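Below is one structure, written out as structure tokens, with a few remarks after it.
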Amino acid sequence: MTTDLPAALWEHLRPDDRTWLRSLAGHAGPAARVALVGGAVRDALLGQHPLDLDVVVEGTDVEALARATGLPLTFHPAFRNATVTLPDGRSADLVRARRESYPVAGQNPVPAPGTLEDDLRRRDFSVNALALTAWPTGPGEVLDVVGGLDDLHARTLRPLHEKSLHEDASRLVRGARLAARLELSAHPDLLAQVPDALALADRTPRLWAELKLMLSEPRPGAVLRTLRAWGAGSLLPEAPGLEALDALRAQDMDVTFQPYAAALLHASSDPAFLAARLELGDRPAALLARALSDTFFPEGTPERQLRALLRPEAYVPLTGRDVVALGIPPGPQVGEALAHLARLRQDGALHSADDEREALRSYLDSYPSGKCP
């Protein structure tokens with residue numbers, strides 16, 4: 001660790017975030033410690049500008065400190081934590097330093113007051129167990145009590161102890177999300193704990209919430225590929241559509257959560273069960289049904305994106321404009337012609353746009369003087 005590391009990390013924070021952290025340290029008082037922890041420190045070490053702020057406080061009351069900021073907040077009495085709304089609308093978590101124990105694997109932990117070092121040791125992976133303390137004048141020191149700096153330098157994802165994934169199986173999916181996003185390799189200790197996590201998956205509700213969050217990652221397909229590589233592919237169906245959507249994103253195409261969810265449902269043998277398990281709601285299934293239909297959707301819509309991936313043999317049916325160009329005058333006759341083509345598609349008689357044009361010509365020729373009624 002270089003002596004300049006705290007200052008370098010501090011500079012990777014947004015100016016208004018630095019101001020807020022200095023203010024917190026000032027309100028907390030000289031006997032307390034205030035530290036930025038977890039993903040924000042990790043991302044700053046990677047040269048990124050963190051957006052999400054998690055702050056751990058030791059030696060002062062969290063609720064009083066949060067209220068001293070004068071910002072809107074929500075206080076959570078069970079854990080004595082607060083969520084503060086920053087001036088730009090982002091949320092920041094203000095957390096009391098604590099220890100945790102897991103009397104029942106997979107269920108919520110039982111918290112107890114602790115030190116800042118205790119709080120770092122309760123976390124999931126070493127690269128998330130780093131802290132940067134803050135003082136009223138600026139940065140303090142970087143705390144690394146579990147070797148996270150070395151692991152981050154080696155691009156390795158390592159759980160903190162041998163029962164980490166047993167205590168909370170959702171850490172398996174959270175780890176895959178992190179590994180795919182930051183291109184980290186699994187430490188052997190992580191891979192050794194995968195069977196334990198899979199055995200506890202059904203008893204860990206948070207694991208399914210993490211799988212849903214996977215669909216909001218920059219590359220959900222890469223997360224699913226990571227889980228398979230770790231031997232955890234049984235958590236979700238193999239869904240090549242997710243990686244295909246990743247490829248579209250890589251081409252700067254706008255791909256939202258819904259197409260990813262729909263592609264995952266398409267790969268499932270029981271999509272209704274999977275949608276309920278992941279609490280996806282009705283929209284992904286409805287999108288999937290539209291994408292698999294023969295209804296026309298414009299280029300760039302989620303329906304067209306999915307159709308190209310899930311039904312590569314599908315073609316774009318003729319539109320009303322095409323029908324008019326082929327000789328049917330505007331009006332109700334256009335709808336009748338489109339309905340005729342739709343019936344032929346449903347019967348499996350049409351396989352291309354050329355088939356539709358030929359069918360439309362036959363439709364026109366079946367009437368005197370080539371006019372439809």
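A few points about this structure:
- Counted residues, region 149-177 - those being surrounded by fewer than 21 Cβ atoms within 10 Å (Cβ to Cβ), among the charged types (D, E, K, R) and in a loop (DSSP other than H, G, I, E, B): 3
- Within region 237-253, the set of residues being over 15 Å from the mean Cα position of the chain (by Cα) and of a type outside the set (S, T, N, Q) comprises 237, 238, 239, 240, 241, 244, 247, 248, 250, 252, 253.
- Flag if residue 274 is in a helix (DSSP H, G or I), at pLDDT 95 or above and either touching a Gly at 6+ places or on another chain (Cβ under 6 Å) or farther than 30 Å from residue 197 by Cβ (or both): no
- Checking each residue in region 332-349 for being part of a helix (DSSP H, G or I) and either among the aromatic types (Phe, Trp, Tyr) or loosely packed, with under 14 Cβ neighbours inside 10 Å (or both) picks out 332, 335, 339, 343, 346.
- If the condition is being outside any helix (DSSP H, G or I), modelled with pLDDT of 75 or more and under 20 Å from residue 303 (Cα atoms), then region 350-373 contributes only 352.
- Those strands (runs of 3 or more DSSP E) lying entirely in region 91-147 with at least 3 residues in contact with a strand residue (DSSP E or B) (Cβ under 8 Å, 6 or more places away or on another chain) and buried (at least 17 other Cβ atoms within 10 Å of the Cβ): 91-96, 130-135, 138-144
- Some residue of region 186-193 being at pLDDT 95 or above, surrounded by 15 or more Cβ atoms within 10 Å (Cβ to Cβ), over 17 Å from the mean Cα position of the chain (by Cα) and not in a helix (DSSP H, G or I): yes
- Residue check for residue 149: assigned by TED's automatic domain parsing to the domain that holds residue 105, touching a residue at least 60 places away in the same chain (Cβ under 8 Å), of a type outside the set (Phe, Trp, Tyr) and under 19 Å from residue 122 (Cα atoms): yes
- Residue 265 fulfils the conditions (1) closer than 18 Å to residue 221 by Cα; (2) assigned to a helix (DSSP H, G or I); (3) free of Cβ contacts under 8 Å to residues at least 12 places away in the same chain except for a single criterion, (3).
- Any helices (runs of 4 or more DSSP H) falling wholly within region 6-89 and containing at least 1 residues that are aliphatic (A, V, I, L, M) and surrounded by fewer than 17 Cβ atoms within 10 Å (Cβ to Cβ): 62-68
The values are calculated or read from the model by the stated rules, or taken from the named source; none is laboratory data. Note that the structure is predicted; figures quoted are calculated from it, not measured. In this analysis, Cβ positions are derived from the backbone assuming ideal geometry, glycine residues included, and neighbour counts consider all displayed protein chains.
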